[in-house]
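**Q** One structure, pasted below without further comment.
The values are calculated or read from the model by the stated rules, or taken from the named source; none is laboratory data. These figures come from a predicted structure and were not determined experimentally. Note: ideal-geometry Cβ built from the backbone for every residue, glycine included; neighbour counts use all protein chains shown. Just the protein is used for accessible areas: all its heavy atoms, side chains included, with ligands, DNA and RNA removed. Shrake-Rupley method; radii C 1.70, N 1.55, O 1.52, S 1.80 Å.
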Amino acid sequence: MLSKIKTAPHYLNEFDATMQMIQGKWKIMIMYQLAEYHSVRFADIQKHIQDVSHKTLTTQLRELENDGLVSRHDFGTAQPHVEYQLTANGESLFPILDAICTWGDTHIDPALIERSLCDE
């Protein structure tokens with residue numbers, strides 16, 4: 001008889017799991033851009049965010065991909081051509097993200113916000 005191997009929990013609770021998947025300075029901005037344009041190349045994401053370094057963007061995209069929120073499609077051409085899209089799981093986060101955005105618009109002084117994602 002095969003026994004099930006127990007793995008150590010990765011998260012404290014469901015809230016912790018969700019927050020760990022979306023935490024990161026640029027992850028939500030990346031997700032909003034993918035939601036708006038559906039399929040986006042790396043350079044276009046970097047151009048849209050502007051302040052993100054190549055290394056940080058690469059890391060955050062990999063984390064989003066590993067967490068099943070973003071998919072990566074490599075076209076395998078001589079010129080590097082990779083595009084990113086939200087997965088169904090990534091898309092399912094938008095009611096939550098939109099609610100957070102609305103709360104921020106309602107309760108935070110606009111002068112303290114550098115860039116509003118709710119308006120994009």
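**Q** What tally of residues in the range 61-74 results from selecting those that are under 21 Å from residue 24 (Cα atoms) and in a strand (DSSP E or B)? Step through it out loud before you land on a result.
**A** Our first condition is that a residue be under 21 Å from residue 24 (Cα atoms); within the range 61-74, this holds for 61-72.
When the remaining residues are screened for being in a strand (DSSP E or B), the result is 70-72.
Result for the range 61-74: 3.
**Q** How many residues does the range 18-38 hold that are assigned to a loop (DSSP other than H, G, I, E, B) and free of Cβ contacts under 8 Å to residues at least 24 places away in the same chain? Step through it out loud before you land on a result.
**A** Step one: of the range 18-38, the residues assigned to a loop (DSSP other than H, G, I, E, B) are 23-26, 38.
Next, only the ones that are free of Cβ contacts under 8 Å to residues at least 24 places away in the same chain stay: 23.
Residues meeting the conditions: 1.
**Q** Could you please give the count of residues in the range 66-82 that are within 13 Å of residue 41 (Cβ to Cβ) and modelled with pLDDT under 95?
**A** Of the residues in that region, 8 qualify.
**Q** What are the residues in the range 39-54 that are outside any helix (DSSP H, G or I) and either at pLDDT 95 or above or loosely packed, with under 12 Cβ neighbours inside 10 Å (or both), if any? Spell out how you get there, then give the answer.
**A** Going residue by residue through the range 39-54, those that are outside any helix (DSSP H, G or I) are 39-41, 50-53.
Residues satisfying the conditions are 50, 51, 53.
**Q** With respect to residue 17, is the statement that it is of a type in the set (A, V, I, L, M), open to solvent by 70 Å² or more (accessible area, probe 1.4 Å) and more than 9 Å from the chain's Cα centre (by Cα) true?
**A** Values: of a type in the set (A, V, I, L, M): yes; open to solvent by 70 Å² or more (accessible area, probe 1.4 Å): no; more than 9 Å from the chain's Cα centre (by Cα): yes.
In short, no.
**Q** Ok, one more. From the list 106, 77, pick out the single residue that is farther than 21 Å from residue 23 by Cβ, among the hydroxyl-bearing types (Ser, Thr, Tyr) and outside any helix (DSSP H, G or I). Step through it out loud before you land on a result.
**A** Numbers: 106 fails: outside any helix (DSSP H, G or I).
Going through 106, 77 in turn, just one is farther than 21 Å from residue 23 by Cβ, among the hydroxyl-bearing types (Ser, Thr, Tyr) and outside any helix (DSSP H, G or I): 77.
**Q** Within the range 57-76, how many residues turn out to be of a type in the set (S, T, N, Q) and either open to solvent by 50 Å² or more (accessible area, probe 1.4 Å) or within 10 Å of the chain's Cα centre (by Cα) (or both)?
**A** Of the range 57-76, the ones of a type in the set (S, T, N, Q) are 58-60, 66, 71.
Filter again for either open to solvent by 50 Å² or more (accessible area, probe 1.4 Å) or within 10 Å of the chain's Cα centre (by Cα) (or both), leaving 59-60, 66.
So the answer is 3.
**Q** Oh, and also: Kindly provide the set of residues from the range 82-103 that are open to solvent by less than 50 Å² (accessible area, probe 1.4 Å) and outside any helix (DSSP H, G or I), ordered by number. Even if it seems obvious, please write down each step before you answer.
**A** Keep residues of the range 82-103 that are open to solvent by less than 50 Å² (accessible area, probe 1.4 Å), which gives 82-84, 86-87, 90, 93-94, 97, 101.
The answer is 82, 83, 84, 86, 87, 93.
**Q** For residues that are under 11 Å from residue 67 (Cβ atoms) and either open to solvent by 90 Å² or more (accessible area, probe 1.4 Å) or of a type in the set (Lys, Arg) (or both), tally how many sit in the range 24-38.
**A** 1
**Q** What is the number of the single condition among (1) in contact with a strand residue (DSSP E or B) (Cβ under 7 Å, 6 or more places away or on another chain); (2) closer than 19 Å to residue 100 by Cβ that residue 36 does not meet?
**A** Result: residue 36 passes all but (1).
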